[in-house]
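The values are calculated or read from the model by the stated rules, or taken from the named source; none is laboratory data. A quick note: this is a predicted structure, and the numbers were derived from the prediction, not measured. With ideal geometry, Cβ positions are generated from the backbone for all residues, glycine too; neighbour counts draw on all protein chains shown. In case anyone asks, the SASA skips ligands and DNA or RNA and just uses the protein heavy atoms, side chains included. Shrake-Rupley method; radii C 1.70, N 1.55, O 1.52, S 1.80 Å.
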Amino acid sequence: TYDVNNNMTSSLNQDWNGSVWVNWAQVFYTYDSNNNLIIDIQQTWSSNAWVNNLKGLYTYDVNNNQTSLIHQTWNGTIWINTQQGFSTYNVNNKKTNALGQSWNGTAWVNFSQSMFLYDANNNQINSIEQFWSASAWLNSTQINNTYCSSNICLDTTTTQEWVNNAWLNYSKTEFFGCNITGIADINKNNISIAIYPNPFTSKTTLSFDKEIKNGNLKI
């Protein structure tokens, strides 16, 4: 179901048991005056009744950036904290820090944090992920991005891991879209393109049924 602002207010999931639909899970959503999600509650179907399962609480700043979240679980009587997160943003509404904490039963304990840096064009040039150990933050991984001269697309992405108190390169991805000097259109009626696998995660293959004699292609 949806409200007058087209926000989803509830969703119901059911399974087919061979003859009838059987309730499985449902979620209720609450929004603020700016249509930001502030509460979601998930329930599961058990013994012919709905039982609370998970709950999320969210807050936002004046620019509608999400600044905090709390996840809770139902213990049969009350909601119990499990995880919470806090995010900060710069004047351009770009996230600069994300802090994650877990509930140990009596207090919130640091778990992880991510820090982000941007260039003058608001392109993310660096991100560092750290984990909390004992009483200090320990580096884990970092990603460095470079951009083409037009600042439109990525040029390279380098991933590093923190090993023996130093950053060591782990992987590098180069993007070639920045070097396009011209675009030649392919008439879709005269050529067939197969893409497999589809969907895909890290890579896919494009197969053309005719030789492409033009230089650069925009796909």
Exercise. Tally time: how many residues in region 113-143 are surrounded by fewer than 17 Cβ atoms within 10 Å (Cβ to Cβ), closer than 30 Å to Asn75 by Cβ and not aromatic (Phe, Trp, Tyr)?
Worked result: 3
Problem set entry | So Gln42, is it within 21 Å of the chain's Cα centre (by Cα) and either modelled with pLDDT under 95 or open to solvent by 70 Å² or more (accessible area, probe 1.4 Å) (or both) | no
For this session: Kindly list, by first and then second residue, each pair from a residue in region 116-142 that is more than 18 Å from Asn90 (Cα to Cα) to a residue that is open to solvent by 70 Å² or more (accessible area, probe 1.4 Å) and in a loop (DSSP other than H, G, I, E, B), limited to pairs with Cβ atoms under 9 Å and residues at least 6 apart or on different chains.
Result: Asn139/Asn165
Exercise. Got a number for residues in region 5-36 being in a strand (DSSP E or B) and touching a residue at least 24 places away in the same chain (Cβ under 8 Å)?
Worked result: 4
Exercise. How many residues does region 16-37 contain that are open to solvent by 50 Å² or more (accessible area, probe 1.4 Å) and closer than 28 Å to Tyr60 by Cβ?
Worked result: 7
Problem set entry | Selection within region 157-193 - at pLDDT 90 or above, among the hydrophobic types (A, V, I, L, M, F, W, C) and open to solvent by 80 Å² or more (accessible area, probe 1.4 Å) | Trp162, Leu168
Problem set entry | Candidates Thr204, Thr146, filtered to the one that is open to solvent by less than 70 Å² (accessible area, probe 1.4 Å), in contact with a strand residue (DSSP E or B) (Cβ under 7 Å, 6 or more places away or on another chain), within 21 Å of Leu117 (Cβ to Cβ) and modelled with pLDDT of 70 or more | Thr146
Problem set entry | Filter result (open to solvent by 50 Å² or more (accessible area, probe 1.4 Å) and under 18 Å from Trp132 (Cα atoms)) within region 61-103 | Gln83, Phe86, Trp103
Seminar exercise, completed: Flagged in region 24-38 as within 20 Å of the chain's Cα centre (by Cα) and within 15 Å of Asn64 (Cα to Cα), in numbering order, are Asn35, Asn36, Leu37, Ile38
Seminar exercise, completed: Scanning region 117-144 residue by residue, the ones that are farther than 19 Å from Gln160 by Cα and touching a Lys or Arg at 6+ places or on another chain (Cβ under 9 Å) total 1
